[in-house]
Each structure stands twice: as structure tokens, then as C-alpha cells.
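S.K.: First the structure, which I've put down as C-alpha cells, then a few questions once you've had a look.
The values are calculated or read from the model by the stated rules, or taken from the named source; none is laboratory data. Here the structure is a predicted model, which means the values were calculated and not measured. Quick reminder, even Gly has a Cβ in these numbers, built from the backbone with ideal geometry, and neighbours come from all protein chains shown. Quick note on the areas: whole protein, heavy atoms, side chains included, nothing else; ligands and nucleic acids left out. Shrake-Rupley method; radii C 1.70, N 1.55, O 1.52, S 1.80 Å.
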Amino acid sequence: MYTENFSKKNIKIVIGKLDFNSDIDIAWSDETIEFLNNIYLQINKKRTYKKFTDLMTFGFWCRKSNLLKIKSDYEKKYRMFGRGLVLHITPSNASMNFAFSLAIGLLSGNSNLVRLPQRSFVQTNLLCKIIKKIIHKKNFKNIRKRVCIVKYEKSNEISAYLSSKVDARIIWGGDETINQFKKYMTKPRCIDLNFSNRYSICLIKPPLNKIQGDIANLALRFYNDAYFMDQQGCSSPQAVIWLTKEKKCNFKIKFWKKVSEIVEKNYKSDLSTAGKKISLISESAIKSNLSFKTKYKNFKIIKINLKNPSKDIEKIKCQFGTFVEIQITNLKDIKNIISKQTQTMSLFGIEPKEIEGLIQKYKLPGIDRIVPIGRAFDIGPIWDGYDTITSLSRIIGR
Amino acid sequence: MINYQKIFKLDPYSLNQRKKQELLLPNFKKLNYFHYKNCESYRKIIDKVYGELDNKKKLKDLPFIHVSLFKKFELKTKQVKDLKIFKSSGTSNNLLSKISIDKTTSLLQARALNKIFSNFFNIKKTKILFVDTPNVLIGSSLYSARGAAVNGFKQMFKNYEFLLDNKNSVQIKNIKKNINSDSNEKIVIFGFTSLIWDFLKKIKKKNIKFKKGQAILIHGGGWKRMENKSVSKKIFNDSIKDILNITDIHNYYGMIEQTGSIFFECEKGYFHPSIFSEIFIRDKNLSNLSQMRKRGLIQSLSILPNSYPGHNILTEDLGELCGIDDCKCGRKGKYFLIFGRAPKTEARGCSDVY
């Protein structure tokens with residue numbers, strides 16, 4: 001379908017060699033863990049890196065102690081090895097996604113061919129520099145063969161070519177990207193991990209008596225989940241569900257007041273996002289058959305009030321501080337909201353067990369993650385309903 | 001519906017801001033109800049996003065819709081047979097605006113343009129020269145922003161000529177013939193800003209100079225492309241003066257979503273809404289208007305659209321209000337400046353196109 005009529009010069013090699021090496025290792029190998037821990041040490045060494053919270057978070061995740069803890073969950077009956085060469089297609093507008101993807105590829109024992117985001121981020125470049133530096137240490141001679149990081153402009157030919165050479169692909173970047181990559185021919189045994197568009201929800205059960213301090217803290221954690229990436233991360237909440245019987249809930253009023261204070265102080269908006277924001281709400285108004293009312297008391301926190309829970313809420317696209325708000329009186333009412341699109345449910349005042357119970361009882365098609373509010377962006381090997389490490393491994397049956 | 005006859009009898013820039021508001025407010029309310037009743041999508045937006053149409057006492061409080069919606073949807077107010085769909089070149093995501101024009105709206109557009117033009121240019125409208133190719137009036141090009149503009153201006157003039165052939169080569173002979181004609185009538189030269197810029201480069205060395213005061217040059221529609229070439233208004237105007245010997249140069253601001261009620265640049269360098277239109281400049285909270293001389297998003301109102309709900313639009317363009325009723329050119333009402341598209345913010349998040 002796509003011919004090889006591109007110049008290999010258009011693929012810029014950042015680290016490693018483009019020789020389609022598919023050296024493998026056992027999953028969770030000591031060398032890989034040491035290598036990632038070295039990344040952590042390097043990141044942690046420089047004070048100037050502190051301002052890049054995403055880089056710091058990634059570094060912190062790479063700590064040996066953390067990795068060994070996660071590894072212990074994997075000490076199962078079966079031995080796991082890499083499947084071969086993994087192609088990572090990372091989104092062009094997130095700086096650290098590639099790093100996490102690469103870490104998963106290495107931990108599962110694979111060789112990795114990573115396409116960097118098209119946009120140039122300081123953090124991305126810093127991390128690449130670090131990797132370049134430590135990869136030549138002599139105790140990482142296997143890792144060296146298993147890492148190739150490239151950059152190229154959007155190109156069907158190159159993407160098709162690379163797709164034909166690999167044993168697995170991790171495709172971030174949403175439905176459109178996935179559908180495009182599905183068009184390319186791959187090896188018969190090549191597997192794909194697709195991270196498609198998702199919808200995430202926040203569920204709050206106001207406590208009967210709470211001191212004010214808690215609300216401020218909750219509001220801050222909510223702000224980080226929702227506003228950090230303009231609500232465009234797949235795990236950022238787009239809907240806020242209140243579980244309460246109170247008609248005029250004091251906790252809710254105080255919560256939004258606190259969020260409003262934080263937003264006023266910290267959130268930067270501009271003319272272009274303002275236009276996009278209002279355009280998106282209008283688009284949802286036309287596309288969705290739900291009737292709703294939009295509240296603009298504060299333009300930075302637009303609320304879309306919906307009377308009844310419905311699966312169609314995912315058709316109301318919320319960005320730049322727009323929230324569908326629903327009140328339910330019984331926890332089981334959330335079953336009317338959950339669809340296959342539902343990814344993360346961030347909680348306050350409710351135990352994850354209760355949600356798991358509902359998923360089981362009503363055989364809910366969605367909810368792949370249950371986290372406390374404030375942890376929506378915490379990434380781990382279990383993501384989007386996949387165990388990414390196991391999925392990318394060859395498991396020896398006995 | 002609106003009593004257009006009454007409005008067309010007025011001088012389009014004679015009303016002071018207070019009187020203009022008095023005239024426009026009830027008419028825009030009528031338009032709101034009309035589109036609300038006859039356009040389902042518009043009704044959904046009003047019901048869900050704005051809540052209500054009543055209780056609005058000021059023009060600035062009436063609901064506006066974002067210009068990008070015309071790219072995403074085909075918004076029609078009436079289901080009639082003679083609808084023609086005009087398409088603009090898109091900016092966001094390269095989608096096209098799809099504007100449904102019926103006969104009524106099309107006539108209103110032509111009349112409004114004529115009124116506005118006549119106020120700015122007190123000339124006999126004998127001849128217009130288009131810096132464009134004859135192809136622009138053929139087939140689907142006729143329904144593009146360029147085609148619609150050329151066609152709109154063509155209708156006002158007795159004679160017209162194209163200065164480019166269908167291969168985009170300059171028709172030097174045509175220009176020279178016009179320069180050397182004995183007629184004392186002013187010649188109007190019209191074209192898209194970027195086309196005129198390309199045209200200037202092509203004829204630079206051909207020594208084509210109009211007689212002093214012989215021609216007026218009108219251009220619009222293309223500043224964005226010009227800024228990419230870093231051509232400022234001054235460089236543009238100076239080049240026209242140097243190469244063509246024309247000093248009477250007017251930019252206009254218009255959009256395919258509101259054809260007809262365009263904004264001409266006056267002798268003092270400001271754009272003016274006529275009685276067919278109004279502008280507001282909004283800050284990043286949208287519910288607030290920007291202060292005088294502060295940049296914001298241009299919201300543009302036009303009383304002409306009947307067949308589509310484009311009478312009150314929030315654009316993606318940057319502008320600033322410079323004054324009310326006191327422009328030195330003598331025209332009443334607001335006057336403003338335009339600064340191209342609002343700069344785009346990079347999208348964040350993990351969803352993105354391959």
C-alpha cells in the first residue's frame with residue numbers, strides 16, 4: 001500500500017542505531033532496573049530540573065525501590081521475555097509520555113524504537129541527553145542495543161515502513177492516530193497496544209462534617225487533575241458527579257469556591273482558548289440530544305448542569321475548565337453514566353472497593369482505573385485496562 | 001421581520017452610537033427569534049449554552065456563536081430550494097465554512113455592499129479591474145470567499161476586467177489600455193491582499209504607473225498570509241505607491257460568514273461598522289468587553305443573514321476599539337483596528353493526530 005519512496009535521511013536518529021535490532025531480555029531484568037535507576041539518579045542530581053514537574057515525576061517513578069516493588073507484583077508462575085522490537089508512537093504534544101512508554105518497553109524485555117514528539121520540549125531534550133550519557137556505561141551494553149530514539153515529520157511512508165519491521169506497537173495519541181496506523185501492514189504476530197480517546201469522571205461524596213482545610217486540599221488536587229493539561233489528558237475529569245441527597249450542598253459550594261480561587265491564581269487562559277472553549281460547548285449542544293444548561297458565573301470554570309445521568313455525557317466535550325455536573329442520590333446511579341469510553345474514575349469520600357463492587361454487580365463496560373482525586377495523572381504499568389508489561393511480553397507456558 | 005427598506009434609506013454612517021443601538025437592538029432581537037424558530041442547531045445552542053433570549057436589554061448581551069461552528073456544521077435557517085452554499089478557505093483544521101445563502105439574503109448583501117461602498121467612494125462606478133483570474137467566477141470558485149467578493153464588487157460596476165489570465169499571467173496590455181484611456185472616471189482596482197502583493201512583484205519592472213488620482217485600490221481578505229511574509233501595512237502601501245503610483249488605498253475587513261456588511265478602512269486608517277453591522281471586542285473571559293484600545297476577539301454582528309444564523313458571530317480575529325462617534329473622518333459609531341488572527345495556543349494533552 002505504501003511504497004518505500006522516502007529518504008531514510010528524513011528519519012533523524014536521536015539515540016542509537018536504526019538497524020531494527022530485536023535483542024530481547026527477560027522482563028524486569030536487573031540491567032533494565034539499574035538503567036532506569038541511573039536515569040532517576042541523573043535527574044535527581046540537578047537542581048535546575050526541579051521546575052520540570054513531569055520530568056521529576058518520571059524520574060521518581062524510575063527509582064529502584066519503586067520498580068522492585070512493582071516487580072514483586074509480577075513474580076508469578078511464568079517466565080516472561082520481550083517479544084522483540086516495539087515501535088512507540090508518542091503524542092506530539094506531551095513531553096514525558098515517550099519516556100514512560102520506553103521504560104515499559106524496556107521492563108517488558110523488548111528492544112525499542114521510539115518516535116519522539118514532533119514538538120520540541122526542553123524536558124524531552126534533557127532526558128534524551130541523560131539517556132545518551134549513561135547508555136554508554138559498560139554495564140548497559142545490552143540496553144544500548146535495545147534503544148533507538150528517532151524523530152520524523154508526519155509521514156505515512158515512514159510510519160508504514162517502521163510498522164512493517166516491528167513485533168509490537170504502542171500507539172498513543174487517540175482514535176485518529178490509531179485508525180491511521182491500523183492501515184499499515186504489520187507482521188502477522190505483531191501486537192498493538194492502542195491508547196484511544198477516553199472519558200474520565202470524578203466522583204465526590206461530601207462528608208457529613210468536614211473542616212475547611214480538607215476542602216482546600218481537595219480543590220487543589222482536583223485542580224491538578226483537571227487543569228494541568230487543559231483537561232485534554234485522557235484521565236482528566238470532564239464530569240463531576242456529586243453523591244448527595246442534599247438539595248443545597250454546602251460542601252459543594254465551598255469546593256467550587258476554593259477551585260475558583262486556585263484557578264484565578266494559577267490558570268493561564270488566553271483569547272484563542274476562550275474561543276475554542278465556547279465553540280466546543282456549542283458543538284456539544286448541537287451534537288448531543290441531552291438537554292443541559294451552561295453556567296458561566298466564572299468563565300474559567302464553566303459548568304454544564306445535567307439533570308439525569310446518561311451515557312451520552314461523553315458526547316459533551318469539556319476542555320479548558322468546563323465540567324458536566326450531575327447530582328446522584330444513590331451510588332448505583334453511576335451505572336447509567338459508565339460506558340466503554342470511561343477510563344479513570346477519581347474518588348473522594350468513596351472506597352475503590354465500592355466501585356469495583358458496582359462494576360462486578362452491574363457488569364459495567366467501563367472504568368479502567370480507580371484513583372483518589374489528585375492522582376489522575378499517575379501513570380503505571382496497568383493503564384487503560386491493559387497490563388502493559390505482560391501484554392508486551394512473551395510468556396513461557398508450562 | 002426586519003423592515004430593511006427603512007434601514008436602507010438611511011445614510012449608513014450617520015447615526016451616533018446611541019441612535020444606532022436603538023435601531024439595531026430590536027432588529028437583532030427579531031433576528032434571534034427568527035433563527036431560533038427556524039434553525040434547530042441555533043435553537044440548541046441558545047437553549048443549552050445561553051439559556052434564554054429574553055431579558056436582554058443591551059446589544060452586547062445578545063448571544064453570539066463562534067465562527068468555527070460554520071466549519072463544523074451546515075447551519076441553515078430555512079429549507080428552501082434556491083440555497084447556495086458558499087465556502088471559505090478554512091483556518092482551523094483546514095475545514096471550510098459552509099454558508100447557506102438564499103435569494104433574500106443575497107439581495108440584502110448586494111444592496112448593503114453598494115450602500116457602504118458608495119459612502120466611502122463617491123464615484124460613478126464605471127470600471128473595476130480585478131487582480132484575479134476570470135476562473136474565479138467559474139464553477140466552485142464562485143462560491144469561495146474570493147469568488148463571492150469579486151462577484152459582489154462586479155455587480156456594482158458597469159464594466160469589469162481581470163488583470164490576470166487563467167494561468168495567473170499579468171495582462172499588461174489591459175492595464176496600459178486603461179491607464180491611457182481618455183475617461184476621467186476613477187478606476188477601482190480590487191483584489192485579495194496576497195494576490196495584489198504577488199501582482200506587484202510581477203509588474204515591478206514593467207513601468208506601469210497610473211496617472212495621479214486616477215485609481216483607487218481596494219484589498220482585503222489576506223493579511224494572515226502577508227504577515228507570514230512579514231509585509232506590514234506600510235510596506236504594502238508604499239510598494240503600491242512606488243510601483244503603481246496609487247495613493248488612495250483602502251483595506252477592508254469582511255468574512256464569508258457576513259458577506260455584504262463589510263468594514264472599510266477610512267482615510268484615517270480605521271475600520272467602521274455601518275448601520276448594517278456592529279462590532280464588540282471581547283476579552284479572554286468573553287462575557288466582558290475589552291477596554292478601549294485593548295486588544296481582544298472581534299465579535300461581528302450583521303443584520304443581513306436570513307438563511308443562516310450568522311448575524312452575531314465571535315471571530316478568531318484580534319481587534320481593538322479605538323473610539324466612538326469621533327473618528328476624524330466624520331463617520332459616526334465605533335471605529336476599530338484589526339491585527340490578524342489571535343495567536344494559537346499549542347494543544348496540551350495526549351490526544352493528537354499521527
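S.K.: Evaluate the distance, in nm, between pseudo-label points positioned 7 Å from the Cα of A:Lys257 and of A:Ile13 along their respective Cα→Cβ axes.
M.R.: 6.2
S.K.: From the P(r) of the stretch A:199-372, can you give the percent of Cα pairs sitting at distances over 25 Å?
M.R.: On the way: 4249 of 15051 pairs.
Percentage above 25 Å: 28.
S.K.: For the stretch B:308-347, state which GluC sites (Glu not before Pro) are in a DSSP loop and have at most 10 other beta carbons lying within 10 Å of their beta carbon.
M.R.: When the GluC sites (Glu not before Pro) of the stretch B:308-347 are filtered for loop state and at most 10 Cβ neighbours within 10 Å, B:Glu346 remain.
S.K.: At a Cα cut-off below 15 Å, give the aspartates and glutamates reachable from A:Lys9, other chains included and same-chain residues fewer than 8 away excluded.
M.R.: A:Asp19, A:Glu153, A:Glu157
S.K.: With r defined as the distance between the Cβ atoms of B:Leu107 and A:Thr48 and R0 fixed at 60 Å, what FRET efficiency is calculated, to the nearest 0.05? The partial results should precede the final answer.
M.R.: On the way: r = 66 Å, r/R0 = 1.10.
Working from the Cβ atoms, E equals 0.35.
S.K.: Take the residue pairs A:Lys247/A:Lys361; B:Lys9/B:Lys332; A:Lys77/A:Lys145; A:Lys76/A:Lys187; B:Lys37/B:Lys57; B:Lys56/B:Lys294 and return only those whose Cα atoms are more than 19 Å apart.
M.R.: Violating the 19 Å limit, Cα to Cα: A:Lys247/A:Lys361; A:Lys77/A:Lys145; A:Lys76/A:Lys187; B:Lys37/B:Lys57; B:Lys56/B:Lys294.
S.K.: At B:Lys29 and B:Asn245, where each label point lies 7 Å from the Cα along Cα→Cβ, what is the point-to-point distance in nanometres?
M.R.: Here the modelled spin labels are 5.7 nm apart.
S.K.: Please give the net charge around B:Asn38, taking every other residue with its beta carbon less than 12 angstrom from that of B:Asn38, where Lys and Arg add +1 and Asp and Glu add -1.
M.R.: +2
S.K.: I want to verify the translational diffusion coefficient of chain A in µm²/s; compute it with Stokes-Einstein, Rh as the Kirkwood radius over Cα pairs, at 37 °C and 0.692 mPa s.
M.R.: For these conditions, the coefficient is 145 µm²/s.
S.K.: Separate question: Name the trypsin sites (Lys or Arg not before Pro) in the stretch A:14-118 that are in a loop by DSSP and that have at most 16 other C-beta atoms within 10 Å, would you?
M.R.: Of the trypsin sites (Lys or Arg not before Pro), the ones in loops of the stretch A:14-118 whose Cβ has at most 16 other Cβ atoms within 10 Å are A:Lys17, A:Lys46, A:Lys76, A:Lys77.
S.K.: Given the rule -39500 (n - 2.57) for each run of at least 4 DSSP H residues, summed and divided by the residues of the protein assembly as shown, what is its mean residue ellipticity at 222 nm, to the nearest 500 deg cm²/dmol? Each step should come with its number before you reach the end.
M.R.: Working: 23 runs with 249 residues, N = 752.
The helix-only estimate for the protein assembly as shown comes to -10000 deg cm²/dmol at 222 nm.
S.K.: Rolling a 1.4 Å sphere over the protein heavy atoms, what is the accessible area per residue of the stretch B:3-78, to the nearest Å²?
M.R.: 47
S.K.: Once the Cβ-Cβ distance between A:Ile26 and B:Glu74 is put in as r, and R0 is 51 Å, what FRET efficiency do you end up with, to the nearest 0.05?
M.R.: 0.30
S.K.: Could you state the number of Å between the C-alpha centres of the stretch B:119-172 and the stretch A:293-344?
M.R.: One Cα centre to the other: 51 Å.
S.K.: Right, here's the next one. Run a plain Debye calculation on the stretch A:8-197 (Cα atoms as equal point scatterers, no solvent) and give log10 I(q)/I(0) at q = 0.10, 0.17 Å⁻¹, rounded to two decimals, same order as the q list.
M.R.: Reported log10 I(q)/I(0), two decimals: -0.38, -1.16.
S.K.: Moving on to the next point. Choose one answer from A:Tyr161, A:Tyr223, A:Tyr78: the residue with the largest mean-square fluctuation in a GNM of chain A with alpha-carbon springs under 10 Å.
M.R.: A:Tyr78
S.K.: Out of the total accessible area of the protein assembly as shown (probe 1.4 Å, heavy atoms of protein only), what percent is carbon and sulfur? If you can, show how the numbers build up before the last one.
M.R.: Working: 17050 of 34310 Å².
The nonpolar share, carbon plus sulfur, comes to 50 percent.
S.K.: How big is the protein assembly as shown by Rg and Dmax over its Cα atoms, in Å?
M.R.: 30.6, 100
S.K.: Using a cut-off of 13 Å between beta-carbons, work out the net charge of the residues near A:Met80 (Lys and Arg +1, Asp and Glu -1, A:Met80 not included).
M.R.: For residues surrounding A:Met80, the net value is +3.
S.K.: Could I ask something else about it? Would you mind checking which residues have amide H under 5 Å from A:Trp383's amide H? H placed 1.01 Å from N; only 5 or more apart, or other chain.
M.R.: HN-HN under 5 Å from A:Trp383: A:Thr388.
S.K.: Follow-up question, since we're still on this one. Taking the stretch A:67-173, which GluC sites (Glu not before Pro) meet the DSSP loop condition and have no more than 16 other C-beta atoms within 10 Å?
M.R.: A:Glu75, A:Glu153
S.K.: Which ³J(HN,Hα) values in Hz, rounded to whole numbers, follow from the phi angles of the stretch A:244-252 under the Karplus curve 6.51 cos²θ - 1.76 cosθ + 1.60, where θ = phi - 60° and Gly and Pro get x?
M.R.: So the Karplus estimates, Gly and Pro as x, are 7, 8, 5, 6, 10, 8, 4, 4, 4 Hz.
S.K.: Using the Kirkwood radius built from alpha carbon pairs, what does the Stokes-Einstein equation give as D for chain B at 10 °C and 1.306 mPa s, in µm² per second?
M.R.: 75
S.K.: What do you get for the angle between helix A:271-287 and the principal long axis of chain A? Use alpha-carbon atoms, 0 to 90 degrees, nearest ten.
M.R.: Tilt of helix A:271-287: around 70 degrees.
S.K.: Would you mind giving the mean number of other chain beta-carbons within 10 Å of the Cβ of each residue in A:227-235, as a whole number?
M.R.: Averaged over the peptide's residues, the number is 3.
S.K.: Quick one: check the C-alpha center-to-center distance for the stretch B:51-77 versus the stretch A:212-265, whole angstrom.
M.R.: Computed from Cα coordinates, the inter-centre distance equals 29 Å.
S.K.: Scaled to the compact-protein estimate 2.2 N^0.38 Å, what is the alpha-carbon radius of gyration of the stretch B:1-135, rounded to two decimal places?
M.R.: 1.24
S.K.: Hey, another quick one. In whole angstrom, how far apart do the alpha carbon centroids of the stretch B:217-294 and the stretch A:115-172 sit?
M.R.: 47
S.K.: Moving to a separate point now. Note the buried accessible area between B and A here, summed over both chains, with a 1.4 Å probe, in Å² to the nearest 100. Don't skip to the end; give the middle numbers.
M.R.: Details: alone 17810 and 20190 Å², together 34310 Å².
Summing both sides, the interface buries roughly 3700 Å².
S.K.: Another question, if that's okay. What residue among B:Gly220, B:Gly260, B:Gly330 shows peak mean-square fluctuation when chain B is described by a Gaussian network model with Cα springs under 10 Å?
M.R.: B:Gly330
S.K.: With the crude spin-label approximation of a point 7 Å out along Cα→Cβ, what separation in nm comes out for B:Asn151 versus B:Gln5?
M.R.: 2.8
S.K.: Do the alpha carbons of any pairs in B:Lys186/B:Lys268; B:Lys87/B:Lys212; B:Lys234/B:Lys334; A:Lys51/A:Lys335; B:Lys204/B:Lys344; A:Lys17/A:Lys51 sit beyond 29 Å of each other, and which pairs?
M.R.: Flagged as over cut-off: B:Lys87/B:Lys212; A:Lys51/A:Lys335; B:Lys204/B:Lys344; A:Lys17/A:Lys51.
S.K.: Right, something else. What Kirkwood hydrodynamic radius, in Å, does the stretch A:303-349 give when the mean of 1/r is taken over all pairs of distinct Cα atoms and then inverted?
M.R.: Roughly 11.7 Å, rounded to one decimal.
S.K.: Still on this structure: Would you kindly calculate the translational diffusion coefficient of the stretch B:102-253, applying Stokes-Einstein with the Kirkwood radius from alpha carbon pairs, for 37 °C and a viscosity of 0.692 mPa s, and quote it in µm² s⁻¹ without decimals?
M.R.: Estimated diffusion coefficient is 206 µm²/s.
S.K.: Check the straight Cα-Cα distances from B:Lys60 and name the aspartates and glutamates below 16 Å, setting aside those fewer than 8 residues away within the same chain.
M.R.: B:Glu22, B:Glu52, B:Glu278, B:Asp283, B:Glu320
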